[in-house]
1. Out of PHE116, PHE88, report the one residue that is modelled with pLDDT of 95 or more, open to solvent by less than 50 Å² (accessible area, probe 1.4 Å), in contact with a Cys (Cβ under 9 Å, 6 or more places away or on another chain) and assigned to a loop (DSSP other than H, G, I, E, B).
2. Criterion first (of a type outside the set (Ser, Thr, Tyr), modelled with pLDDT of 95 or more, open to solvent by 70 Å² or more (accessible area, probe 1.4 Å) and at negative phi) does ASP94 satisfy it?
3. If we keep just the residues of region 119-148 that are touching a helix residue (DSSP H, G or I) at 6+ places or on another chain (Cβ under 8 Å) and open to solvent by 70 Å² or more (accessible area, probe 1.4 Å), which is farthest from TYR61 (Cα to Cα)?
4. Going by the structure shown, is SER99 crowded, with 18+ Cβ neighbours inside 10 Å and among the polar types (S, T, N, Q)?
5. Within the set of pairs 6+ apart or on separate chains, which have a first residue in region 133-148 that is on the phi < 0 side of the Ramachandran plot, a second that is modelled with pLDDT under 95 and open to solvent by 70 Å² or more (accessible area, probe 1.4 Å), and C-beta atoms under 8 Å apart?
6. Out of all the residues in region 38-56, is one or more of a type in the set (Ser, Thr, Tyr) and within 18 Å of GLY20 (Cβ to Cβ)?
7. Scan region 64-80 for residues that are closer than 15 Å to ARG48 by Cβ and either touching a Lys or Arg at 6+ places or on another chain (Cβ under 9 Å) or in a helix (DSSP H, G or I) (or both) and report the count.
8. Kindly list the number of the only condition in (1) of a type in the set (Gly, Ala, Ser); (2) open to solvent by 30 Å² or more (accessible area, probe 1.4 Å); (3) assigned to a loop (DSSP other than H, G, I, E, B) that fails for GLY108.
Amino acid sequence: MILLCLGTFSLAACSGKHEGAARYRTNCGICHHNGEGMKGEIPPLIGRIDLIASSAEGRHYLADVLLNGLNGPLDIRGVHYNFSMPSFRTRLSDHEIASILTYLAARGDSPTPPVFTADEIAAVRAHPLPTSAVAEERRRLDQIHRLP
């Protein structure tokens, strides 16, 4: 019985990881490539999402980015980007967004990467923002602690 439970847990964890990877490839990979981005054009994601998600405010910001989009200049790792990302609010469910963010966080260097939940994304979804407000949210967070 214990082996059956462990097997079921492992299968669920693998399928969740697989789903996040598949959702990422389908919805984000075309621009962000393998998460490495394109220097000066598309920001990298790998090694950043887990760090940003280390605070409650960072987790909220990441959900806002996927739900509402983001426009404007960004400085990341010494590289300037004038970036525009579309909203996925009407294209992806809370579960799908959570799986993408969890997948990306797991690709960072954190020993215990954060896991996002559909409930967490739903709470952020309840308060739509214009992309300019998401950019302002990023600037405020960056002043509190420098975002990667």
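The values are calculated or read from the model by the stated rules, or taken from the named source; none is laboratory data. This one's a predicted model, so the numbers in the text were calculated from it and none came from an experiment. Neighbour counts run over all protein chains shown; Cβ positions are idealised from the backbone, glycine included. Heavy atoms of the whole protein, side chains included, go into the accessibility calculation; ligands, DNA and RNA do not. Shrake-Rupley method; radii C 1.70, N 1.55, O 1.52, S 1.80 Å.
1. PHE88
2. No; evaluated as a whole, the condition is false for this residue.
3. Looking at the filtered set, the residue picked out is ASP119.
4. Yes; evaluated as a whole, the condition is true for this residue.
5. That search, which allows pairs on different chains as well, returns PRO148/ARG77.
6. No: zero hits.
7. 7
8. Just one mismatch for GLY108, condition (2).
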